[in-house]
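Quick notes on the structure that follows.
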Amino acid sequence: MVTVNIVELLRKKGKSKYWLCQKMNLTSRNLNRIIRGETTSISFKYMEEFCENLDCTPGELFQIEQQEKTSTR
């Protein structure tokens, strides 16, 4: 599962989600949906804006969490 590290990056930068919403002209509802993983895709435009505003690379923005595989036997 792919997750975003927006909250961690904001914490490191000393900024709030409100600040990011204002910088990106994004609603808090949409930002929270992205943070909680309730979206199925993020446009390249938003990925670029996240990286510019959070001063990070796409590799720092996203993380892949390994899901436990269940046995089908």
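Report yes if some residue within the stretch 8-15 is in contact (Cβ under 8 Å) with a residue 40 or more places away in the chain, loosely packed, with under 10 Cβ neighbours inside 10 Å, out of contact with any His (no Cβ under 7 Å at 6 or more places or on another chain) and in a loop (DSSP other than H, G, I, E, B); otherwise report no. Looking for residues that are in contact (Cβ under 8 Å) with a residue 40 or more places away in the chain, loosely packed, with under 10 Cβ neighbours inside 10 Å, out of contact with any His (no Cβ under 7 Å at 6 or more places or on another chain) and in a loop (DSSP other than H, G, I, E, B), one finds none in the stretch 8-15, hence no. State whether the residues of the stretch 21-28 include one that is among the aliphatic types (A, V, I, L, M) and open to solvent by 90 Å² or more (accessible area, probe 1.4 Å). For the stretch 21-28, residues among the aliphatic types (A, V, I, L, M) and open to solvent by 90 Å² or more (accessible area, probe 1.4 Å): absent.
When the stretch 47-73 is limited to residues that are within 10 Å of the chain's Cα centre (by Cα) and either modelled with pLDDT under 90 or in a strand (DSSP E or B) (or both), the one that is farthest from Met24 (Cα to Cα) turns out to be Gln63.
Residues in the stretch 34-46 that are in a helix (DSSP H, G or I), within 14 Å of Val2 (Cβ to Cβ) and either charged (D, E, K, R) or in contact (Cβ under 8 Å) with a residue 60 or more places away in the chain (or both): Arg36 only.
The values are calculated or read from the model by the stated rules, or taken from the named source; none is laboratory data. Being a predicted model, the structure only gives us computed values, none of them experimental. Cβ coordinates were reconstructed from backbone atoms using ideal geometry, including for glycine residues, and neighbour counts include every protein chain displayed. Accessible surface areas use protein heavy atoms only, side chains included; no ligands, DNA or RNA. Shrake-Rupley method; radii C 1.70, N 1.55, O 1.52, S 1.80 Å.
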